[in-house]
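Here the structure is laid out as structure tokens; the discussion comes afterwards.
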2 protein chains.
Amino acid sequence: MGISERKEREKTEMRDLIRAAALKMFLEDGYAKTSIRKIADAIEYSPGTIYLYYKDKDELLYEVQGLAYGKLLEAFRTKANDKDPLKRLIQMGKTYVKFGLENPELYDLMFIIRAPNNVDETSHKDNGDHTYNYLTDTLEECINKKLLRITDLQLGALQVWSMCHGLVSLNLRCRLKVMALGEEEINAALSHAIENYIASVTL
Amino acid sequence: MGISERKEREKTEMRDLIRAAALKMFLEDGYAKTSIRKIADAIEYSPGTIYLYYKDKDELLYEVQGLAYGKLLEAFRTKANDKDPLKRLIQMGKTYVKFGLENPELYDLMFIIRAPNNVDETSHKDNGDHTYNYLTDTLEECINKKLLRITDLQLGALQVWSMCHGLVSLNLRCRLKVMALGEEEINAALSHAIENYIASVTL
DNA sequence: CAAATATACTGAATGGTGTTCAGTAAATGA
DNA sequence: TCATTTACTGAACACCATTCAGTATATTTG
């Protein structure tokens, strides 16, 4: 029976269509401002149809998060691949911050938005894990080669990630206003902060 | 004329009433889930009345942020006041993280929610500034006494704050799931991370 | 004191949101 | 050919922030 296979194909194609439209609109206008109605309009279907393919808006967010984690991983692979793990670590930090500042809406949905807690995890989790592992692998190499003041892998990863996320998210949410810096100065400060931090944990 | 003074008083009393109800409900249910209608219900006025005292929901958020910054400052003053600036810095870090984890909805509205950009700043800003200055003052003392690997005050403040905010916000948003730790372990990890970080920048 | 004005408040209405579901029309299977 | 399954629709539901004509009370003026 080729029919059921075709139906299967059409089903995943429809899911892809919805996901793609959602990604585009989430990127442009953000998750909150993108309504199911608008997505439905964009793909020329009725709002109800989307619910035949996705349980709710959260599940759609979850899928797009998977794509976004993949994009970040790709950025790491192309821009943070120095042989020297320490240099790679610095490249990673800068790539991460740059990624966040250049894709604010995407970063938002990846790490700032309240995560849906009603969705089963599949490929989404994989992409997230792979990206996180890219960090732990690099960090492990640094630790093994005794390049860092850091000795605990998990604790180190938590620190590096938190520092980078803190820099990006405080800036995206305009909470660095208290520092009374111009936009240029802020970007420079973020860059300096990440360099300076890695330097301070380097032996 | 005592009348206009009484009217003035009544006006600020009404603002206080609304602000207090909003604070309570924001704390319990979060900003997003607290509707103007619910606040109006709680104080037994109609929704329209709230708009006679606050321009919009954002302005209400802005006011409550002021209160929240004040609460954090109070926590610093009572729990992070060691004479030794280095010890004080560590106390501050721990106090900050504890504050965030114990008041998730408050922390949310202080540092994670999209800031309103349509509001004039007054006492809100003051509270935020004072809290930030508590950090820079402590850090400045550490730098002056040459206790830290940090030399630039602003850069140092940015780093310390970002690290703490990163730890809290990643955890509040359940993004530390990738680390596959239990709740107990996570809390310990956050505590360790902050200690370990300060230690690594200590001379 | 009475009339005019200013103030405080209401609640229905507007235009949005996510989500559901009875109904329809087309494709498939018997 | 007819019954059934499948895909889709769009109106309806219960919310949301915000506005504004209308009302009722309080104050000021003549």
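Numbers at a glance
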quantity: Relative contact order (%) - criterion: Cα under 8 Å, at least six apart; region: segment B:1-155; calculated: 24 percent
quantity: Segment B:81-180 shape via C-alpha gyration tensor axes, a/c threshold 1.5; calculated: oblate
quantity: Computed lengthening from A:Lys125 to A:Lys71, 0.36 nm per intervening residue step minus Cα-Cα distance; calculated: 18.0 nm
quantity: Modelled FRET efficiency - R0 60 Å, B:Asp84 with A:Thr78, Cβ distances, 0.05 increments; calculated: 0.80
quantity: Relative contact order computed over segment A:64-200 (Cα-Cα under 8 Å; 6+ residues apart), in percent; calculated: 32 percent
quantity: Fluctuation leader among B:Lys38, B:Lys145, B:Lys57 - chain B, Gaussian network, Cα springs under 10 angstrom; calculated: B:Lys145
quantity: Extension gain from B:Glu5 to B:Lys24, taking 0.36 nm per residue of separation minus the Cα-Cα distance; calculated: 4.0 nm
quantity: Buried solvent-accessible surface, both chains (B, A), 1.4 Å probe, Å² to nearest 100; calculated: 3800 Å²
quantity: Extension gain from A:Asp56 to A:Arg114, taking 0.36 nm per residue of separation minus the Cα-Cα distance; calculated: 19.4 nm
quantity: Prolate/oblate/rounded label for the protein assembly as shown (Cα gyration tensor, a/c 1.5); calculated: oblate
quantity: Partner chain coverage, peptide B:148-161 - average Cβ within 10 angstrom; calculated: 5
quantity: Cα→Cβ-extended label distance, 7 Å offset, between B:Thr12 and A:Asp137, nm; calculated: 6.2 nm
quantity: Amide N of segment B:4-32 lying under 17 Å from the label point, which is placed 7 angstrom from the Cα of B:Asp41 along Cα→Cβ; calculated: B:21-32
quantity: Violating pairs (Cα-Cα greater than 31 angstrom) within the set A:Lys98/B:Lys177; A:Lys11/A:Lys94; A:Lys55/B:Lys94; A:Lys7/A:Lys79; A:Lys38/B:Lys33; A:Lys98/B:Lys87; calculated: A:Lys11/A:Lys94; A:Lys55/B:Lys94; A:Lys7/A:Lys79; A:Lys98/B:Lys87
quantity: Karplus (6.51, -1.76, 1.60) ³J(HN,Hα), θ = phi - 60°, over segment A:66-75, in Hz, Gly and Pro reported as x; calculated: x, 4, 5, 4, x, 5, 5, 4, 4, 4
quantity: For segment B:170-182, Karplus couplings with θ = phi - 60° (6.51, -1.76, 1.60), whole Hz, Gly/Pro x; calculated: 4, 6, 4, 9, 6, 7, 7, 3, 3, 7, 6, 10, x
quantity: J(HN,Hα) series, segment B:43-53, from Karplus relation 6.51 cos²θ - 1.76 cosθ + 1.60, nearest Hz, glycine and proline x; calculated: 9, 6, 10, 7, x, x, 4, 4, 6, 7, 10
quantity: Segment A:1-83: GluC sites (Glu not before Pro) in DSSP loop, at most 10 other beta carbons within 10 Å; calculated: A:Glu44
quantity: Helix axis angle, A:123-144 relative to chain A longest principal axis, alpha carbon, degrees; calculated: 10 degrees
quantity: Neighbour cut-off at most 11 other Cβ (10 Å), DSSP loop, trypsin sites (Lys or Arg not before Pro), segment B:72-101; calculated: B:Lys83
quantity: Of all accessible heavy-atom area on chain B, the percent that carbon and sulfur account for (1.4 Å); calculated: 51 percent
quantity: Chain B: angle of helix B:85-102 to the longest principal axis, Cα-based, in degrees nearest 10; calculated: 50 degrees
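The values are calculated or read from the model by the stated rules, or taken from the named source; none is laboratory data. No experiment lies behind these values; they were computed from the predicted model shown. So basically every Cβ, Gly included, is an ideal-geometry build from the backbone, and we count neighbours across all protein chains shown. Areas reflect the complete protein model, heavy atoms only, side chains present, ligands, DNA and RNA absent. Shrake-Rupley method; radii C 1.70, N 1.55, O 1.52, S 1.80 Å.
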